[in-house]
1. For chain C, with only Lys/Arg (+1) and Asp/Glu (-1) charged at the beta-carbon, what is the dipole magnitude about the Cα centre, in debye rounded to 20?
2. Do any residues of the range C:263-289 show a loss of at least 20 square angstrom of accessible area between the isolated chain and the full protein assembly, using a 1.4 Å probe, and if so which?
3. Applying 1/(1 + (r/R0)^6) with R0 = 51 Å to the Cβ-Cβ distance of C:MET300 and B:ASN158, what FRET efficiency is obtained, to the nearest 0.05?
4. Enumerate the amide H contacts of A:GLY141 below 5 Å, restricted to partners 5 or more residues apart or on another chain; note that Pro and chain-start residues carry no placed amide H.
5. What are the ³J(HN,Hα) values, in whole Hz, obtained from phi via the Karplus relation 6.51 cos²θ - 1.76 cosθ + 1.60 with θ = phi - 60°, for each residue of the range B:48-56 in sequence order, with x given for Gly and Pro?
6. Please report the buried accessible area for the interface of A with B, total over both chains, probe 1.4 Å, in Å² to the nearest 100.
7. Give the distance, in whole Å, between the Cα centre of the range C:383-405 and the Cα centre of the range B:34-74.
8. Note the angle between two axes, namely the Cα long axis of helix C:92-105 and the longest principal axis of the Cα atoms of chain C, as a number of degrees from 0 to 90, rounded to the nearest 10.
Amino acid sequence: GGSDEGDGSASGDGGETYNWKFVTEEIDGQVQYEYAEEFAKRMNEKTDGAVNIDVYEFGGLGSETDQVEQLQSGTVEMAVMSPGFTGNMVKEGQLFALHFLFPDSVETTQQILNDSEALNTDLRELYEEHSISPLSYWTEGAMQWTSSRAISEPGDFEGLKMRTQTSPLILESYKAYGADPQSMSWGELYTGLDQGTVEGQENPIFFIGDASFHEVQDYMTISNHNNYVAMTTVNTDWYEGLDEDMQSTIDETVEEMQEWVFEEQKKQNEEYLEVIKNDTENPTEIIELTEEQRNAFREKAAPVRDFYREEVSTVDGQILDKLLEEIDSSGQ
Amino acid sequence: MNVLKVVDKIILKIEEFILSYAVIIIALMVVGKAIIRETFGYSLPFADEVSQIAVVIATFMGISYAARKGRHISMSAFYDLAPFKARKVLAIFIPFVTAIVLFVLSYYSWLYVMDVRESGRVTSALQMPAFYLYIFIPIGFFLGGIQFLRNMWINIRNREDVYLGTDAKDYNDQDTTEELEGTHL
Amino acid sequence: MIATMLIIMVVLLFLNFPMMIPLMVAPLVIMFIYFPTLDPMILMQQFSTGIEAYVLLAVPLFIFAADIMTTGKTSNRLLDFIGSFIGHIRGGYAVTTAAACTLFGAISGSTQATVVAIGKPMRQRLLKVGYKDSSAMALIINSSDVALLVPPSIGMIIYGLVSGTSVGDLFIAGIIPGVLVFLCFAIYSVIYAKAANIPLANKASWGERLQMTKKALLPLGFPVLIIGGIYTGLFSPTEAAGVSVLYAFILEVIIYRSVHIKDIPKIAKSTGLVTSAVFVLVAGGQAFTWVISFARIPQMITETVLGSDPSAIYVLLMVTIFFFIGCMFVDPIVVILILTPIFYPAAMSAGVDPIHLGVVITFQAALGSATPPFGVDIFTASAVFNKPYLQVIKGTPPYILMMFVISALLIFFEELSLILL
Ligand code: NA
Ligand code: NA
């Protein structure tokens, strides 16, 4: 069981101080870590120094799945997590892996993430059954493909050794294009791409640039095939045990941060796009898909939604369908 | 006593079987995956996960086997310099404390297994309940603890020499070293 | 907190507890004392996380391949081959030993396997041509350490795991340092043989050489397969390990018939035993890392030891000292597991290349394990050769001196590690 208020303790001047731990799946400089640092700073200022949040970068506290369990047990109070790493527990969270689900515009996508009842109420309830409360969903940018051969239509994927995560849904998504999905650990990926053990991978641009994958890949397709979505989460019991003032301070800060993190990811993705374009030593051809080309992929990806409804979802795709309605009515 | 001996023999056989075939399965999975990928361009999605399961099982089920054989890695420099009486005392004290630690770890890891079970988490490739895998951790610690208690008991009963395990009779008291099983310490 | 941790570790270690115990008890005690509200369950989670990494699968596989080969005839074929070419020169048997250890090191992932496979047969030959036992054993221990440097290397796999660095790159980066060590030892062997007046052995005829080469051709395929496979991207390091098992199986069971297929489960059992003994340490190491990261201990230690803004060279020198001393006492795997998470972040912010750091660390691990008073390789040799400790260490000083020099070269010239990448 977790401690009720972190390590809350009475301080000399009558006020209470709080020490919380905030764990992320990324390292110093990357979007999630910067988010957590900024969040910690704002909370500290708003409470006149009463709230101190230690931010942990990825690595020391184990795997992403471990971090999820640490949030659940109250070992850490807060976490940025990607639904992908909880997909084996809260199956509905895998919907973020569906290709061509959200609109092409990252900005509209963020708007949907902010407003969606399907996500902020229905999906949140499912997470709360596991002591995880997602307070917000935000995009770290659209996902792109890098590869050793040009990809502009689904046929280009035929037999391509694509490094992906191993969930059946993601495997299904790439098999739909005829690709050959492979698993490879993070530490081996750069070398694996360099030597052709795997021939392609997917990530947001800032991640591709930060990990220098463009150095060992010849092409980057601006596919925007989905968004890398992260959630700001808290341990449910801990959060509900806080007094109302503190809860609303957190909620308010989480809300402010939505705009901040949108700008942060935008800035990082734009900066790294320039880095990749300007790396003349390791040229990378950037392929922008036309609307027609995107539709060809979209068509191939559509049946995967049925796979999700039938094989993954535990509520017959209800949350997905509600989200699809919300996306439709967002005017795209 | 005879019943105990039979049970012990069965456990030994199971441990040996698990260690042996875990390694063989890992080899088959890793080689099989590479060959199939290079010849048919198809990736076996479950190969890595099966290997990882085999590793977890072998590691924790191996604790008691390694204890039985006296093959856990330790830093014996100072111990080796100690006189017989001190070594004898340590050979009773160390397995005893080790057993207690392993029982404590067994208890906590059992709680962990129950927790994972409750969460309903499944493994990503096989979609098998994740706690099936973790259940070998408390079992391994528990059997390891029993084995260390047994090593302690042998040292209490047998007053003449120091017993560290079937493969590792304290070589300070021996003139010959038998060939060690495997090439690594 | 750091003091509590150190005391627990040192006391339990020196009392001769199995090393998994201090590794698992220290984090548990720290948790009870300093974080009483936390659930110790978290450490159990880390035990499994520690050993689930894909790269770690290479460890049992390389050991399995080595176990199949030591049961069979591979090492003798390599010895005969090298001996037929250089056995007759001054110090030829010693040079042969160094070369065979390097070559076998490029097949097997561990020092101990090399001591057994090459050290056992070569010691007899060295004694026969007039070497003192202490100098023969010193040569074998130190040459076998090259196994940790040239691919495949279990030390590098563990470092790659802990630091998130590419194991394939580390393997490639270890080649030049490994060859450098061999060259130094070879030159020393020639000089030593001259000074000690070791008689010359018979020169093999070209016919014999051809015959020995033919016999060694297939075993020589191992390093080609492993290094070549990784270099060209045909396999990942883990797959290379798997392929070397397959190759060892084809060679020893099918072609040479020196190992019966019925023996394979028995060999696998002993591989499994060693794997378990190593992996419980990796599991404990992960729990240990979790606790120190959670308590932010690495930041405290590096600030004390390294100051606020250390230079890359200074960091490398401190890393060298800590790893060297650590490996004199404790198994290199444990030292890498504990010290890497502490020093890695500081080294990165000082601008050290992660691959270069890995080579420096692995080199210190090799050096520390062979250095008296407590280097683990000395105890291995003492057990394998059944010789008293003092006789085993008597001949080691010249080798340790040479290793110190190479160690300094590696620190100051990162190109030695990185140029092949
Ligand atoms: Na490029
Ligand atoms: Na090696």
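The values are calculated or read from the model by the stated rules, or taken from the named source; none is laboratory data. Predicted, not measured: the structure shown is a model, and the values here were computed from it. Glycine also receives a Cβ, built like all others from the backbone with ideal geometry; neighbour counts cover every protein chain displayed. Quick note on the areas: whole protein, heavy atoms, side chains included, nothing else; ligands and nucleic acids left out. Shrake-Rupley method; radii C 1.70, N 1.55, O 1.52, S 1.80 Å.
1. Charge dipole of chain C: 1840 debye, to the nearest 20.
2. Going by heavy-atom accessible area, the residues of the range C:263-289 that drop by at least 20 Å² are C:PRO265, C:ALA268, C:LYS269, C:SER270, C:GLY272, C:LEU273, C:VAL274, C:SER276, C:ALA277, C:PHE279, C:VAL280.
3. 0.60
4. Excluding prolines and chain starts, which carry no amide H, the hits are A:TYR228.
5. Once θ is set to phi - 60°, the couplings for the range B:48-56 become 5, 5, 4, 4, 5, 4, 4, 5, 4 Hz.
6. 1300 Å²
7. Each part's Cα centre sits 35 Å from the other's.
8. Taking Cα atoms only, the helix is inclined about 50 degrees.
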